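The values are calculated or read from the model by the stated rules, or taken from the named source; none is laboratory data. Just so it is clear, the structure is predicted and the values come from calculations on it, not from any experiment. Methodologically, a virtual Cβ is constructed for each residue, glycine included, from the backbone with ideal geometry; neighbour enumeration extends over all protein chains shown. The area values use the complete protein model at the heavy-atom level, side chains included, leaving out ligands, DNA and RNA. Shrake-Rupley method; radii C 1.70, N 1.55, O 1.52, S 1.80 Å.
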Amino acid sequence: MDPLTALSVAAAVVQFADFGCRLLRRAYEIYESPKNQSAKNIELSTVSRDLAHLVQDVELKLGENGNETENRNGQGQAQSQEEQYPNEAFMRLCRECRETNGQLQAIIGKLQARGTNRLSLAASSWMVALRQVAAAGDLDRLTERLNQIRQQIMVALLSQLLGEARRSGLDLRQFAHQQASMIATLDRIDQNTKQLSTDVVGLVDMSSSRHRTEANDMVNYVMSDSWDADEYSAPARVDKYRDRALLDRVFQALFFTTMGHREASIPKKYAETFEWIFAEPRKSKDGQPLWSSFPKWLQGDSKDIYWMSGKPGSGKSTLLKFISRDPRLEENLKVWAKGSEVLVASFFSWTAGMDKLQKTHEGLLRTLLLDLFRKKPQLLATAFPARWFLLQSFNGNVKLPPLDFDALMVAFRKLLSAAGDGMKLAFIIDGLDEFDEDHRELIQLLREANTKSGVKVCASSRPWNVFKDEYSKNPMLQLENLTRQDIKLFVKKKLELSPGYQDLVSTSPQAARKILSDIVNKAEGVFLWVSVVSGLLEGSFQEGARITDLQAIVDGLPSEVSELFRYIWDRTSKRFRAEASQYFQVMRACEKLGTNLFGLTLWFGDSDTPADLAAAEVTNEYLTGVAKSLERRLMSRTGGLLELTGDLGGIATMHVDFMHRTANDWVRDNWKSISAATEAGFDEWLWLFKGEALMMLLLSARPPQAGFWARVRTTLNAAYHVSDTDPVKTAILVKTIDRFDRYLMTVARYSHNPDGSYVFAGEGEGKHEWVTTMHWGNVMGKTSQTDDSETIPDTSARLYESMRVHDCVDMLGLAARLAIVPYVRCKAEQSPSRFRQVALSSNILECLVFSEHEHLRAGARLRLLESLLRIDDDRSWADRLRKIKHIAVTHPPFVRESREYFSQVVTIINAHLPVEPVAKRQQPATPDKPGRHPESESGAARKVQKTTEQGKSGPKLGMRLKKLFGRKPR
C-alpha cells in the first residue's frame, strides 16, 4: 500500500471512529431534544445513513488499494513482507468498522423516542430503551472499541509510513513532512486526507499540547497488552550505524553502573592454570573420569545445564571468566550450532556488591539482554517490538516507561523463542548462590531457558542442597578436587616473582620445594587461600627471613579461609588498625546507601585532602599516583581484605571492594572488634560525602551522564547523616556543600531531552530557558529519564500540588528540605538576623517541615525546627508559622507516621507563636476547606440558576439519569 492510499484509508477510518464517539456522547443528551420529537427521529435516521456512508468510504478506498495490488500481482510484482503486514491490519480494521456500524445502527434503532409530549417521550419509552442499552454496557464497550479502532489505525498508518521512510533512507519525521507538502499541492485529494497528513506531522513533531497528548496515548496503547506487534509490521530492521542514537537509548535503559564490576575484579593472572577444562578429563585410579567433559557438552545436544560446583574461594569465578573469554568456547559451540550463528552472554553475580542489581534476577536479565543486543542489535526489535517501533516512529523523541522485571522477562522469553535453527544462545552464569532472591525461582528461570532447543546454560555455585538437588545428575565438576596442579603452578609462578624466594631456591632448593608443597597441601583446593598466603609470604621473603622462620609461618597458617582472615587482621600493624577500621566503616556506609565506593571517593574523603583542592592540581600524573598509593594503603592497612579493582589506567572508574565474598562475611561477623579500632569522633559519613562531592565536581563530564542526579541525591543523603557535634567537621561540611552547590548550579544549566541527552539552557530555540532561574535542587527533584526515576514521590506531590512550597530557591532551602542539620544550623548561628531575613524570603521553614517522606527524618527535622525558632525572641515570622500550621492541620497526611510528625510540628509552632488578643480569638474562625476554590460559590450559584430555568420536569429527569449513569448528562 502506497503512503497516499494509507493516509486516505486511515482518514476514512478516523472520521468514522470520531463520528461514532460523538454519536455515543450525544446519546446522553437526547432527552433535551426539541418538542417536535419527529425531527429527532429524522436526525437519527440521517445519522444512520451517515454511518453507513462512512463505512462504505472506508471499504471503497481500501478496495481501490486491493485492485491496485491485484494489478501488481498480475504483472508479476509480488508484495513485499513489509507491505503485506500493514495491509492486513487495514483490512481487519475495515471489518471492525463494518461490525461496529452494525452495533451502532442497532443502538440508534433502540433510541427512537415514542410518546405524545416531551416528558413522556424522554421518561417513558426512550428512557427504558436508554436504560437497557446502558445497563448492557453497550455504550461503554462501543466507545472503547471506537477509541481502539482510532488508535490502531494511527499505529498501522505510522507503521506503513515508517516502512516507506526507511526504504527511502529517511526518518519518519522527514518522510511525513515530505508527504504532507506533496499532498497539499494535489487537488484530487479530499480534505480529510489532507488534514490527517498534517496531523501526522504534528504527531511525530509533538508540536502542540494536543499532539503530545495523542503521542502519550499512543505510547500507552502500544506498550499495553492490547497491541500485537506481529499484526502491524514485519520484524523491524535495525541498522547499527543509522540507528546508533536509538540503540544507545535502549542500552542506557538496560545499563546499571555496577554492571561488569564483578567480572572486572576477578583476577585474570595465571589463566593457563585452567587449560584442562578444554581437554579430555583426567581419570581416577579406578579409570573413571574426574569430571564431565566440557567440550563434549559444548558440542553435543545435551538438554542439561553444566554445573561447576566448588567450595568458597576454590576459583569458580576465575574459571568461568577464563571460559567466557577463551576463543575455544565459541569454536566448540559452533560444532553444536551446525552453521547457525552463536551468541554468548555472561553474568557474574556478587553478593558483596552494594548495588542490588549485582545479585538479583533483574540484574541478570539486564546484563544478558544488553550483552546480546550489543553483539546483534537486530535482536532488539525482536525482544522489544513496541519500544523499538515507538523509538523509530518518533526518532527517539518520546518518553517510554522504565524497564521493570516483567518487561525484561517478556523480552528474554522472546529471545529464547527466537533461538533455534538460525541462532544459538549460550549463557555463562557465575555465582547462583550469591543471588539475594529465592534460589528456587532462579533455578526455574534457568530451567525454562535451557528447555529451548537453541539454548545452552553453564552455571556455577557452592554445593548447597538446593543446587545439588537440581544439578547433581547433570554434567558437572567439583572444582576443589581438580585444582591441585593448578594451585601448584599458581604458587610457583607467584613466588618466583619474589627475588627473596629465588635466592632461597638457589641456596636451599629442598627447603624451597618443601615450603611450596606444604602450601599446596594446606590449600585443599582453595585458590583464595593460596592467593592470600602467597601475599603474606612475599613480605617475609623480602625481609630475608631464615628457612626455619619461613617454615614456622607456613606451619602456623590456619587451613580455613575464615581463620586466615583473622590471622591477617592480627598481623596488621597496630598503627594502621585505626585507618583500616575507617576504611571498613566507609564501606559499610556505602552499603547502607546502596552505592559502590570509588577509589577516588576514598582518597578525596581523607582528612589529608583539602576541601578546596583545585581542579588544576588533579592532573593525569596526580591520578596515576593516587591509584598506586591507594593500592599500597589498602594492602598495608587491611592486609588485602580490601582491594582496588579495575584498570589502573582508568582511576576514575576504579572502585574499592572486598577481595572475596568470604572476606565481607568475616568483617561482618567481627564488626564489633574491627569498628572498635577507630578513633573517637570519626565520621564515615563526612568522609563519604566529601569524597563523592569532590570526585564529582573535579572529574564529572559535562554534560553529565545518565544517573548523574541520582548520584547527587545519594551524595546528599550521606551529608544528612553527618553528625553536628564537632565544629571542625561541620566547617568542612559547610565548605564542601557550598562548593558542591556552585558546581551543580552550572550543571543544572543542562536539561534532559526526551532521549536522555542534555541541552544547554538557552540553546535549541530557547526550549530550556526555565532552568536558568531555578535552583539545581528542583532539577534534581523533577528530572526523570528512562533508566532514572528521580521524581518527587506521589504522596508528597499531592500534598504540595496547591502549596508549591517544595521548590527551593537556594542551597539553604534544599539543605532544610533534606534535613542536613549541621549545614542549616551553622548558617543560622553565623548570622541570626541575616539568616531570618533569608529564611523568610526563601521558604526555609516550609522546606524543612514539608518534604518527601518527611517522617523518615522526623527527629532531625523537629530538632532543627526547634533550634531555629530559638535563635532569639524575634516574632517576625509569626505569619509564616501560622501558614505552616494551617497547612499541617488542613492537609491530612497520607501515612500514619506523617500524622504523628505533623502533630509534633503543630506543638512546636504553638509554643513559639505570640499570644493573640482575647477579642481576636473570640472571632468565629471560618477557614477555607482544603481544596476549596474561590470560584466554587459562584459556580454553585450558576447551577442553581440553571436548575430554576429548566423547569420542573428537566431537573428531576436529570437526577434520574445521574443516578443511572453516575453523572448528569450534558
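Things to note:
- Estimated FRET transfer efficiency when R0 is 35 angstrom, pair residue 514-residue 673 (beta carbons, to 0.05): 0.50
- Cβ charges +1 (Lys, Arg) and -1 (Asp, Glu), total dipole of region 358-462, debye: 540
- Pairwise label distance in nanometres, residue 168 with residue 911, each label 7 Å out on the Cα-Cβ vector: 7.3
- Ranking of 427, 576 by solvent-accessible surface, largest first: 576, 427 (1.4 Å probe, protein heavy atoms only, all chains present).
- At most 10 other Cβ within 10 Å, DSSP loop - GluC sites (Glu not before Pro), region 644-728: 679
- Solvent-accessible area of residue 883 with every protein chain in place, 1.4 Å probe, in Å² to the nearest 10: 90
- Accessible area of region 589-718 belonging to carbon and sulfur atoms, whole % at 1.4 Å probe: 49
- If R0 equals 41 Å, the separation of the Cβ atoms of residue 543 and residue 351 corresponds to a calculated FRET efficiency of about 0.65.
- Residue 608/residue 362 FRET efficiency (R0 41 Å; Cβ-Cβ; nearest 0.05): 0.55
- Each residue, residue 296 and residue 624, gets one label point 7 Å from its Cα in the Cβ direction; the gap between the two is 5.2 nm.
- Dipole axis of region 524-640 (+1 Lys, Arg; -1 Asp, Glu on Cβ), positive-most option in 602, 537, 551: 602
- Three semi-axes of the equivalent ellipsoid, region 257-346, Cα gyration tensor, whole Å, largest first: 23, 21, 12
- In the context of the full set of protein chains, residues of region 666-720 present 39 Å² of accessible surface per residue (probe radius 1.4 Å, heavy atoms only).
- Inter-label distance for residue 286 and residue 617, nm, one decimal - labels placed 7 Å from Cα along Cα-to-Cβ: 6.9
- Ranking 487, 564, 585 by how far each Cα lies toward the positive end of the dipole of region 483-590 (charges on Cβ) leaves 585 at the top.
- Amide H within-cut-off set for residue 257, under 5 Å, with H built and near neighbours excluded: none
- Debye, to nearest 20: dipole size of region 431-577, +1 on Lys, Arg Cβ, -1 on Asp, Glu Cβ: 440
- In the structure shown, the pairs 356/522; 296/321; 592/827; 376/414; 316/414; 375/414 are assessed against 26 Å; a Cα-Cα span above that value is assigned to 356/522; 592/827; 316/414.
- Taking every alpha-carbon pair within region 415-556, the share separated by more than 21 Å comes to 58 percent.
- Viscosity 0.890 mPa s, temperature 25 °C, Stokes-Einstein D of region 672-730 from Kirkwood C-alpha radius, µm²/s: 187
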